[in-house]
1. So, for the stretch 1-102, what is the accessible surface per residue at a probe of 1.4 Å, expressed in square angstrom?
2. For the stretch 13-98, with all protein chains present and a 1.4 Å probe, just round the carbon and sulfur fraction of the accessible area to a whole percent.
3. The chain: percent of C-alpha pairs farther apart than 32 Å?
4. If the cut-off is a Cα-Cα distance under 16 Å, which aspartates and glutamates reach LYS178, setting aside same-chain residues fewer than 8 apart in sequence?
5. Any chance you could check the Cα centroid distance between the stretch 175-229 and the stretch 24-43 for me, in angstrom?
6. Return one whole number: the accessible area per residue of the stretch 132-190 in Å², for a 1.4 Å probe.
7. Please list, ordered by chain and number, the residues whose modelled amide H lies under 5 Å from the amide H of ALA170; skip anything fewer than 5 residues away on the same chain.
8. Could you rank THR194, THR64 by how accessible they are, 1.4 Å probe, largest area first?
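The values are calculated or read from the model by the stated rules, or taken from the named source; none is laboratory data. Please read these numbers as outputs of a predicted model, since none were measured by experiment. When the accessible area is computed, the model is the full protein with side chains, heavy atoms only, and any ligands, DNA or RNA have been set aside. Shrake-Rupley method; radii C 1.70, N 1.55, O 1.52, S 1.80 Å.
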Amino acid sequence: MSAGQRYAPLLRTSRWFSSLPAELQDQMMDAAVLRQLAAGQQLYGRGGPPCGCYCVLEGAVGVTGIGAAGKEMLVAHIDPPKWFGETTLFDDLPRLQAAHAEIPSLLLHVPQPAMESILRGQPAYWHDFGRLVAQKLRLALATIEDMALSPAAVRLPRRLLLLAEGYGDALVANPRLKVHQEQLAMMLSLSRQTANQILQDLAARGVLRLGYGEIEILDFDLLRQAAGCGCG
């Protein structure tokens, strides 16, 4: 049994992966290799070469970019079983952002040559990867709109909901988020103090429980109310 096939049950809790043709699922799992990363270890750097697609099996990966002032910012926090890194399949350009393990992590890696071979063999599969890119583009545009129009007290619970639901990709929402308050603040361009105040308020209302490096969602209905309309 291949490394990927051993994790098939987990991989199929991804809405996107579970929707793929069975043959494509098998080809990706058979071509995949496992990557173990220590906390803080870089997966790839900004400007690095195309290197294929990844799925987080255990732990969490942070994707970072560089702001106008040269300051590093956290763009995305990726939990299992989320796929990422597929953009370079389309443009074959260097990585625009960097990725590192936030905590000890296990990843499934489908290398670029293997992905290119799969797609050459069955060009219809490009549509499936196009759907993955389109999903992330929609989220990026919604985030830009959110940053411009929504107050912090709405943006933060909305981001928690997105994280719990795997940015719309998880078949089952995860109530235990392995994310630090500082990371959450960075993703939302908030001060840590502001993020903490909002989280403490949500905790006092019974929406969530705060732990070290973890946020546990206690009531998804209350979280959706705090996040505003259209986020359920």
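1. Numbers: 4610 Å² over 102 residues.
Ligands and nucleic acids excluded, the result is 45 Å² per residue.
2. On the way: 2070 of 3810 Å².
It is 54 percent, rounded to a whole number.
3. Values: 5218 of 26796 pairs.
Of all Cα-Cα distances in the chain, 19 percent exceed 32 Å.
4. The reachable aspartates and glutamates, counting only those whose Cα sits under 16 Å from LYS178, are GLU58, ASP79, GLU102, GLU165, GLU214, GLU216.
5. 30 Å
6. Result: 49 Å² of accessible area for each residue.
7. Placed amide hydrogens put ARG15 under 5 Å from ALA170.
8. Details: THR194 45, THR64 10 Å².
Reading off the accessible areas and sorting them downward yields THR194, THR64.
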